[in-house]
Amino acid sequence: MREIAVQLLAALLGALGFSLVFGLHKKHLLLASLGGLFTWGVYLLVTRFLPSPFFANLIASVFAVFGAEVLARWQKCPATLFLVPAIIPLVPGSSLYYTMSYAVQNNLEMVHYHGHQLLTAAFAIAAGVSFVTIWRELRAARR
């Protein structure tokens with residue numbers, strides 16, 4: 001339980017840090033940071049039931065996009081302000097680091113392993129964002 005709390009706190013602080021770097025207005029900082037916390041919480045919850053990192057990233061990114069859309073309408077501002085900090089905890093930074101590190105060391109087996117993890121996570125995040133965007137556009141076209 002403590003490990004989960006530490007991960008959620010790290011997601012909150014990571015999202016807050018990126019919100020500050022991107023220059024988010026003070027009134028949006030808390031909501032954007034909570035988006036990162038809840039997105040990572042969804043990721044952890046999904047991995048408990050589905051051990052696939054692909055589906056965990058996919059579902060968490062869909063949650064992040066829907067959450068950003070709701071917050072954007074509520075705060076009357078662009079959804080990107082909430083989406084980027086919410087997606088930050090899902091970014092596969094360690095896989096990218098290890099892929100590049102092993103590539104420099106010419107350890108192709110480990111490059112393949114970590115590169116596969118990296119591409120799987122990146123594709124899942126992109127697919128989740130795309131699904132919601134396409135769904136929203138199709139829904140708007142029907143009206």
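Rule-based calculations on the coordinates, nothing more; no lab input. None of the values given here were measured: they were computed from a predicted structure. Every residue, glycine as well, gets a Cβ built from its backbone with ideal geometry; the counts of neighbours run over all protein chains shown.
A helix-only calculation puts the chain at -29500 deg cm²/dmol for mean residue ellipticity at 222 nm, using -39500 (n - 2.57) for each DSSP H run of at least four residues, averaged over all residues.
Remark: relative contact order (the chain) = 25 percent; criterion is Cα-Cα distance under 8 angstrom and separation of 6 or more residues. Note on the chain: the alpha carbon radius of gyration divided by the globular reference 2.2 N^0.38 Å gives 1.12.
For chymotrypsin sites (Phe, Trp or Tyr not before Pro), the sites in the stretch 1-82 that DSSP calls loop and that have at most 14 other Cβ atoms within 10 Å are Phe22. Screening the chain for whole DSSP H helices of 27 Å or more along their axis (Cα) with average Kyte-Doolittle hydropathy at least -0.5 returns 2-21, 26-49, 53-75, 108-142.
In this simple spin-label approximation, Ile4 and Tyr113 carry label points 7 Å from Cα along the Cα→Cβ vector, and these lie 2.8 nm apart. Each Lys and Arg Cβ is given +1 and each Asp and Glu Cβ -1; about its Cα centre, the stretch 2-142 then shows a dipole of about 600 debye.
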